[in-house]
Amino acid sequence: MRRRGAAVVGASGVIAFAALAPAAFAWLGGAAAESADAPALEGLLARAGTPDDAPTWAAFAALVFAASMVSEDLACIGVGVLVGRGSVGLVGGSLACAGALVAGDLLLYAAGRGLGRSRIGRAIRRRARRAAGDARALRPTRLDVAIVASRFVPGARLPTYVTAGALRVPVARFTALLALAVAVWAPAVVGFSAAGWLAAGSLPVLRERAAAALVAVVLAALAIERVALPALTRGGRRRLASRWQRVRRWEFWPIPVVYAPLAPYIAWLALRHGGLRQVLLANPGIPLGGLAGESKRAILDALDLPDDARLATLALPALDARAPLAPQRAARRARVQAFLEREGLALPVVVKPDAGERGADVAIARDAAALARELDARLDATLVQERATGDEYGLYYARLPGEPRGRLLSITAKRMPVATGDGERTLEELILAHERGLPMARVLLAAHAGALDRVPAAGERVPLVEIGTHSRGCEFLDASSLWTPELETRVDALSRRFPGFFLGRYDVRVPDAEALRRGEGLRVVELNGLTTEPTHMYDPRHSYAFALRELAAHWRRAFAIGRAQRVAGAPLPAWREIARALARYRRLGARAEDG
C-alpha cells in the first residue's frame, strides 16, 4: 500500500510540476527580462549557444557556476531568460547549468565526506541510521532513490548530499546519480524559463503583474505539495490529520508558544523579587537551580538515595576526541560489562546522556550488540542505568526554606502507547490509526522506520513508546487522585536527603498504583530541577488556561524560594555562567525536538 501511495504522490507531483512550472518560470522570466541588461552580455555570449567555441562557453559556464553558488534555481532561470532572448543556445545553456549543478552538489558531498571521523560526521551517520531504523533502509538502492529524488524536492539537497558524503557513498555512483537527476532538471528549468520569457514578451499583462502572479503560483504550489498531494492517499490524509491534531491540541505546541503568554508575568515576578537571577537560587545544590545541562549523575549522588530507592547507575566520562577512539571505546565497553556483572544486572539497560533535555538520545539497549552500538556512538558523558520494571510516574515537589515539611503538588501517570495488530494492517497504518499515535506520527514513524512495512499478527501488542517523555510520544495523565499523606511523607523524606533541593520533579518507577499510594517501592530514575514542570497539566482533559495557571504557580514558587535563599546570603550567579547554560539548553532542546 505504501508503494502504491508513493507512486500516486510521485505521479501527481510530476503532473503538478508540469502544470505549474511553465507559469511560474514565465512570470519569473518576465520579471527578470524587465531589468536584465542583456545587451551588455550579448557581446560575450554571442557564440556561446553551443559548446563548439570552447573558450567562450567555458567562461559562460564559469559564470553560471558562480551564480549557482548563490541560488541554483535562479541561475538556471537567468540562463533560460538569455536563451529566450537568443543570447544563448538551449543546448549550451542547459549543459552549462547541468555542469554547475553537478559541481555544486559534489561540493556538498565533499563537505560531508570531509567531516570524516569528526563529531559532526559521526552525529550525521548516527542520525541517518537511527532515522532509517535498520541497515536495510540504508541499502544502496534506497539511497540511490533518495539522492535522485532530492534534486526535485525543495530543501532536500543539502542534507541529503552531505549525509551521502558522511556515509561514504562511492563517488562514482554518486556522480552518476547526480548526472541522471540533473539531465532532467536543468533542461526543464532552462526551457520553461525561456518559454516564460517569450510568453511574457507577447503578453504584457503578465509582465505588469508578475510579482502578484508569482506569489499566487507559489501559494498554489505549496497548497498542492502540502495538502492536495498528501490527500490523494489514505496515509497522506492521516498525516494531514496528524498535523491538524498538533495544531488543535495545545499539549503538542512548541515550548516557546506555550510559554509566550507567561513572559510578561515572569518579567513582573523578576522585578518584584529583585531580578531575574533570583530564581536561579531555587535549588542551591544544583548548578543554576537546574536551569539546563546539569549532570544527572551528580544530582543522584547528592540526593544520596537509600538502597531500596536507587537504580544502579554507571557514569561514563566523555571520550577524548583528540586521542584514538578505538581503545577508549573498548575500555568503555569493558567498564560497562564489569558494572553489569558487579550489580547482577541483565539486559535491557537504559543508555542516556549525563546532560540532556526531554528524553533526547535516551535509548534502551536490549542486547549486547545494541549496547555496544549505543556506547560507541556517544562521545559525551553517558549514563548506563538499570531498567526498572513497573509503572512510571512524575512527582512534583516544593518546599519553602524554613518550612517544616515539603508538599507533593502534582502526580503524573505516564502511559506508554501500544498498538494491537490485526494481521492485516502494517505498523505504519496502525500508528496512523492509533488515537495517541496520530498526533505523534512524525516522531513515532521515525522511531519505527525500519519496521513500518511489518504486519503484526492479530492480537500482537507492539509498544510504540518505551521512554517516559512527552516529546517522544508518552501520554501524561493527571493522577492527583493517588495522593496520600504516606506518599507525600516518603517524597519529603527523600528530598531532605539533598540539602540543596527545594523544587523539582522526580521520575520514579513503582510496582503499581497501590504501592505508590502507600509510598512503597519508589525507585528514582532521575530528579529534575528548576525548568521542570507540574506535568499533570499535559493531561488531554486539561485546558490551555489550566496549564498556564499551573506554570504561573510553578514560577511563583521558584521566585519565592530563590528570594528566600538570597535573603539568607546566597550569592547570585554570574551572567556569563547563565549565558553558557542557556546556550546548552538551546542545544539540548534542539536535540530533544529532533529525537
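Once the Cα gyration tensor of the stretch 440-595 is diagonalised, what are the square roots of 5 times its eigenvalues, in whole Å and ordered largest first, as equivalent ellipsoid semi-axes?
Each semi-axis is the square root of five times an eigenvalue, giving 33, 24, 15 Å.
Provide the net charge surrounding Gly274, with neighbours chosen by a C-beta distance below 13 Å and charges set as Lys +1, Arg +1, Asp -1, Glu -1.
The answer is +4.
Suppose R0 equals 41 Å. What FRET efficiency, 1/(1 + (r/R0)^6) with r the Cβ-Cβ distance, do Ile255 and Ala172 give to the nearest 0.05?
Once the sixth-power term is evaluated, E becomes 0.35.
Report the relative contact order of the stretch 292-410, percent, no decimals, based on alpha-carbon pairs under 8 angstrom and at least 6 residues apart.
Relative contact order here is 30 percent.
Using modelled amide H (1.01 Å from N, peptide plane; none on Pro or chain starts), what sits under 5 Å from the amide H of Leu311, excluding residues fewer than 5 places away?
When sequence neighbours closer than 5 places are left aside, the close amide H contacts are Val524.
At Glu486 and Ala103, where each label point lies 7 Å from the Cα along Cα→Cβ, what is the point-to-point distance in nanometres?
Simple spin-label model gives 7.8 nm for this pair.
I want the local charge near Leu300. Using Cβ-Cβ distances under 10 Å, sum +1 for each Lys or Arg and -1 for each Asp or Glu among the other residues.
Taking every other residue near Leu300 into account, the sum is 0.
Based on a Kirkwood Rh over C-alpha pairs, give the Stokes-Einstein translational diffusion coefficient of the stretch 250-339 at 37 °C and viscosity 0.692 mPa s in µm²/s.
Value of D from the Cα-based Kirkwood radius: 187 µm²/s.
Multiply the residue separation of Arg461 and Leu262 by 0.36 nm, subtract the distance between their alpha-carbon atoms, and state the gained length in nm to one decimal.
Taking Arg461 through Leu262 to full extension adds about 67.5 nm, to one decimal.
Calculate, for the stretch 471-569, the solvent-accessible area per residue in square angstrom, rolling a 1.4 angstrom probe over the heavy atoms of the protein chains.
I get 37 Å² per residue for this part.
Gain in length, Thr389 to Asp307, computed as 0.36 nm per residue apart minus the alpha-carbon separation, to one decimal in nm?
27.9 nm
What distance in nm separates the two pseudo spin-label positions at Ala58 and Val148, each 7 Å out from Cα along the beta-carbon direction?
Placing both labels 7 Å along Cα→Cβ, they lie 3.3 nm apart.
In the stretch 347-505, how does Rg compare with the Kirkwood Rh, expressed as the Rg/Rh ratio over alpha carbon atoms?
That ratio equals 1.04.
For the pair Glu341 and Asp512, what calculated FRET efficiency results from E = 1/(1 + (r/R0)^6), where r is the Cβ-Cβ distance and R0 = 41 Å, to the nearest 0.05?
0.85
The values are calculated or read from the model by the stated rules, or taken from the named source; none is laboratory data. Keep in mind that what you see is a predicted model, and the values were worked out from it rather than measured. We place every Cβ from the backbone using ideal geometry, glycine too, and count neighbours over all the protein chains shown. Just so you know, the surface numbers come from the protein's heavy atoms only, side chains and all, with ligands and any DNA or RNA stripped out. Shrake-Rupley method; radii C 1.70, N 1.55, O 1.52, S 1.80 Å.
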